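Take a look at the structure set out below.
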Amino acid sequence: MSERTIALVTGANKGIGYEIAAGLGALGWRVGVGARDDRRREAAVEKLRAAGVDAFGVPLDVSDDASATAAARLIEDRAGRLDVLVNNAAITGGMPQQPTQVEPATIRTVMETNVIGVIRVTNAMLPLLRRSASPRIVNMSSTVGSLTRQAGTTAEQTAGPVAVAYAPSKTFLNAVTLQYARELSGTNILINLACPGYVATDLNGFRGVRTPEQGAAIAVKLATLPDDGPTGQFFDDAGTVPW
């Protein structure tokens with residue numbers, strides 16, 4: 001990939017998303033900072049630029065069709081194509097999420113952002129990605145979406161607290177990503193899932209044990225895969241994550 005590779009990171013105004021943008025920018029890439037909050041988005045762009053990153057703001061609400069369409073139009077006007085899409089934006093829906101007590105509206109809201117939002121943005125950006133010589137899509141998932149780990153009988157095999165909206169949203173995202181990989185098989189588009197680990201962010205009340213920079217590393221790795229790299233797989237820093 002050339003030093004003028006064009007990337008878009010959703011939810012990039014803070015936390016892991018910001019560090020993914022910083023990591024890709026450090027490679028000499030031009031990075032679109034996707035975020036719905038104008039003030040936070042522009043503050044992130046200014047901070048990235050101060051660090052030497054060629055960053056630009058992309059107003060983007062992943063839960064809104066018109067916003068995704070407008071974001072794609074902006075990137076086309078600015079760059080003419082897109083090389084890498086990192087679907088990072090996500091919400092938990094609030095905790096606790098005991099299945100016997102959760103409001104159905106909470107599940108709908110989480111799925112709208114964490115799953116449908118990824119589909120919405122990916123489909124809006126695919127025409128631009130198809131113009132790239134080496135397009136990559138990275139969907140930020142979590143090991144809490146691993147059915148194997150959720151079904152484990154020991155503490156080492158289980159993953160996270162009971163969370164009937166958030167955890168299944170990542171399982172659903174994993175399944176959706178496999179469907180994209182199947183449809184895009186035979187093209188030059190590689191699409192994979194990344195788990196950043198238990199990172200201290202406002203998503204978990206900063207209880208995580210990893211830094212956002214550490215969490216961003218797997219996304220940067222998958223964004224820079226060679227043309228013969230894997231597709232339709234699920235990774236964390238340790239390697240492949242079980243489905």
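The values are calculated or read from the model by the stated rules, or taken from the named source; none is laboratory data. None of these values were measured; they are calculated from a predicted model. For neighbour counting, all protein chains shown are included, and Cβ atoms are generated from backbone atoms with ideal geometry for every residue, glycine included.
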- Message: Give me the residue from the range 20-76 that is assigned to a strand (DSSP E or B) and among the charged types (D, E, K, R) and, out of that set, surrounded by the fewest Cβ atoms within 10 Å (Cβ to Cβ).
- Response: Asp54
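Does Gly17 meet the test of being surrounded by fewer than 16 Cβ atoms within 10 Å (Cβ to Cβ), of a type in the set (Gly, Ala, Ser) and closer than 24 Å to Pro168 by Cα?
So Gly17 fails the test.
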- Task: Test Ile107 against the criterion of being buried (at least 18 other Cβ atoms within 10 Å of the Cβ), over 17 Å from Val31 (Cβ atoms) and among the β-branched types (Val, Ile, Thr), and give yes or no.
- Result: yes
- Long-range neighbours under 7 Å by Cβ, at least six apart or interchain, first residue acidic (Asp, Glu) within the range 45-69, second surrounded by fewer than 21 Cβ atoms within 10 Å (Cβ to Cβ) and modelled with pLDDT of 95 or more: Asp54/Arg30; Asp61/Arg36; Asp61/Ser67
- Task: Select, from Gly197, Gly229, the only residue that is at pLDDT below 95 and not basic (Lys, Arg).
- Result: Gly197
- Message: Can you find a residue that is small (Gly, Ala, Ser), part of a loop (DSSP other than H, G, I, E, B), without any contact (Cβ under 8 Å) to a residue 40 or more places away in the chain and at positive phi anywhere in the range 143-160?
- Response: yes
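Suppose we filter Val110, Val138, Val102, Val121 for residues that are β-branched (Val, Ile, Thr) and assigned to a loop (DSSP other than H, G, I, E, B); which single one remains?
On the way: Val110 fails: assigned to a loop (DSSP other than H, G, I, E, B); Val138 fails: assigned to a loop (DSSP other than H, G, I, E, B); Val121 fails: assigned to a loop (DSSP other than H, G, I, E, B).
Of Val110, Val138, Val102, Val121, the one residue that is β-branched (Val, Ile, Thr) and assigned to a loop (DSSP other than H, G, I, E, B) is Val102.
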- Considering only residues of the range 213-243 that are over 14 Å from the mean Cα position of the chain (by Cα) and part of a helix (DSSP H, G or I), which is surrounded by the fewest Cβ atoms within 10 Å (Cβ to Cβ)? Glu213
- Query: Are any of the residues in the range 85-95 over 20 Å from Arg136 (Cβ atoms), surrounded by fewer than 23 Cβ atoms within 10 Å (Cβ to Cβ) and free of Cβ contacts under 8 Å to residues at least 40 places away in the same chain?
  - Reply: yes
- Determine, yes or no, whether Ala133 is of a type in the set (A, V, I, L, M, F, W, C), surrounded by fewer than 14 Cβ atoms within 10 Å (Cβ to Cβ), farther than 23 Å from Arg210 by Cβ and touching a residue at least 24 places away in the same chain (Cβ under 8 Å). yes
